[in-house]
1. What Kirkwood hydrodynamic radius, in Å, does the stretch 53-262 give when the mean of 1/r is taken over all pairs of distinct Cα atoms and then inverted?
2. Expected output is a single nm value to one decimal: the length gained when fully extending between R170 and A189, i.e. 0.36 nm times separation in residues minus the C-alpha distance. What is it?
3. In nm, give the distance between the simple-model label positions of E226 and L126, each being 7 Å from the Cα along the Cα-to-Cβ direction.
4. FRET efficiency for V136 and L181, Cβ-Cβ distance as r, R0 = 35 Å, nearest 0.05?
5. Take peptides 99-112, 162-175, 133-146, 204-217 and line them up by average Cβ neighbours within 10 Å, highest first, as a rough protection proxy.
6. Relative to the present Cα-Cα distance, how much length would full extension add between R106 and V30 at 0.36 nm per residue of separation?
7. Placing +1 at every Lys and Arg Cβ and -1 at every Asp and Glu Cβ, with all other atoms neutral, what dipole size does the stretch 53-262 have around its Cα centre, in debye to the nearest 20?
8. So, by mean Cβ neighbours within 10 angstrom, what's the order for 117-126, 51-60, 240-249 with the highest one leading?
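Each reported figure results from applying straightforward, stated rules to the coordinates on display, with no laboratory input. Everything numeric in this text was worked out from a predicted model, so none of it was measured. FYI the Cβ positions are ideal-geometry reconstructions off the backbone, even for glycines, and counts take in every protein chain you see.
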Amino acid sequence: MMAAFISSPPAARRASRWLQARWRGLVLPVAAILVWWALARLDWVSTPLLVSPGKVLDTAASQISSGRLWRALSASLAREFTGFAIGTVLGLILGALLGLLPLFNRIVGPSFNTFKQISLFAWIPLISVWFGLGDVAKVTFLSLAALVPVVVNTCDGIRSTPTALLEVARVFGYSRWQTLLHVVLPSAAPSIFTGVYLALIYSWLATIGAEYLLVAGHGIGNTLIEGSEHFQMDLVIFGMFVIGLVGWTMNAWARALERRLTRHRPGAA
């Protein structure tokens, strides 16, 4: 009885380790906020350049209560998810064709490999001339950001299907369609999901860049521009915090979905 009482169950130990890891992860942000507060409080840095945490909180309350945050955030997220969806669908199709059809890969692969070496932001001048500075231009830019990681990981995942699995499918008389559905795609799923995960993160980062460089419209990026133009560092810092929080939330959702989809696989955590 004493031994059973002393030894905590595995679930409790896992929960304890999870809490400890989360608390350790808060040490650096809390320390940074304390240093920030001290610098602002003691006037060691010029106030216009480094506003106090309290001022940022006041700005946050104003942005939330007035509805400006929700309008900017909804506009940014609408662009992000539209560009992400378009880029992901096109990336899955192109990646599958490159991975499944050797002739297609030999013809299109070299051109795509050259295309993916072009810096994403190098497309901004061309996109702005073709599509202007509005939402169409922004969504096109975000689609490009999402496209490349999905194509690369989908193609690599399909081409990395173990030969032994393909041989087993052949022995059991699977058709090409059955082999694709029951062997190739399940084997490539982790790599494909990695590509989609990267596309989600890249498209969010590209959203802010697009709003900053293609300035027409509303969005979180435009909030940063407004703050910097009027030297409202409280608004800039608040906008940066919102961007980081949204990115962190997307990352957490994607990781949780990945664990849920792969928990049946051997060795999955």
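1. Details: mean 1/r = 0.0526 Å⁻¹.
Computed over the stretch 53-262, the radius equals 19.0 Å.
2. 4.8 nm
3. So the two model labels end up 3.4 nm from each other.
4. So, using R0 = 35 Å, E works out to roughly 0.45.
5. Numbers: 99-112: 13.2, 162-175: 11.4, 133-146: 22.1, 204-217: 20.4.
Top to bottom by mean Cβ count within 10 Å: 133-146, 204-217, 99-112, 162-175.
6. Extra length available between R106 and V30 comes to 22.1 nm.
7. Numbers: 13 positive and 10 negative charges, 128 e Å.
For the stretch 53-262, the charge dipole is close to 620 debye.
8. 51-60, 240-249, 117-126
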